[in-house]
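Here is the structure we will look at, set down as structure tokens.
The values are calculated or read from the model by the stated rules, or taken from the named source; none is laboratory data. All values reported here derive from a predicted model rather than from experimental measurement. Note that each Cβ is placed from the backbone with ideal geometry, even for glycine, and that neighbours are counted across all protein chains shown. Accessible surface areas use protein heavy atoms only, side chains included; no ligands, DNA or RNA. Shrake-Rupley method; radii C 1.70, N 1.55, O 1.52, S 1.80 Å.
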Amino acid sequence: MKKRLTIRFLQRFAVLLVIALSAFSVEGHAQDARRVTVRNATTLSGLISQIEGSSSYRFSWQDDLINAVSFPAVDMVAPIEEVLSAALRTTDIDFSIQQFNVSLTKKVRQSAVPPPIKEKQTVTGYVKDAVTGEPMIGATVWLKDTSIGTSTDVNGFYSITFPSNYFVLSFSYLRYEA
């Protein structure tokens, strides 16, 4: 009986050990998958070709963004974030990575003087049913991502005032499908 318990214990221990070791193995492979090798890349198109050719990463960009972009030679084996940061440091191109998709965009330049902010804005409107044309009484109207809001009156009209120079209004109505 005691021998049987010892065998079961050793079997369970062996299974747990295999699971633990495989977890560390997967983590190591995931880190390796994020590393890329780049050899003497001096143009952005050459850098992209090397990374896409030797990894699972895929790049996207808008129009002529990568044409004729050059930089000091990049020769490294490192995580993709480090490689791209080193290569694009002297350019006006920025990047973002979502899993294995890399998006290249033009850097947004901050203006020295922020745009003037208007004191208050008021927006008024009318909400009606698209099918019947009847006013929607009690529809909720609010400034997106804020707690500023109102609801329509018995005639379907609303008026909302808020401090900003830009806005996105959201509308909702109980039991209404858009």
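Residues in the stretch 118-152 that are under 16 Å from LEU174 (Cα atoms), among the charged types (D, E, K, R) and in a loop (DSSP other than H, G, I, E, B): ASP129, GLU134.
Scanning the stretch 153-164 for residues that are part of a loop (DSSP other than H, G, I, E, B) and of a type in the set (A, V, I, L, M, F, W, C) yields one hit, VAL154. Tell me, which residue of the stretch 56-96 that is part of a strand (DSSP E or B) and open to solvent by less than 40 Å² (accessible area, probe 1.4 Å) is farthest from VAL38 (Cα to Cα)? The qualifying residue farthest from VAL38 (Cα to Cα) is ILE93. Residues in the stretch 32-51 that are open to solvent by 50 Å² or more (accessible area, probe 1.4 Å) and either in contact (Cβ under 8 Å) with a residue 12 or more places away in the chain or not in a helix (DSSP H, G or I) (or both): ARG34, ARG35, THR37, ARG39, ASN40, THR42, THR43, SER45, GLN50.
Among the residues examined, PHE157 qualifies as touching a residue at least 24 places away in the same chain (Cβ under 8 Å), over 33 Å from the mean Cα position of the chain (by Cα) and open to solvent by 60 Å² or more (accessible area, probe 1.4 Å). Within the stretch 144-178, the set of residues being modelled with pLDDT of 80 or more and farther than 23 Å from ALA130 by Cβ comprises ILE148, THR161, PHE162.
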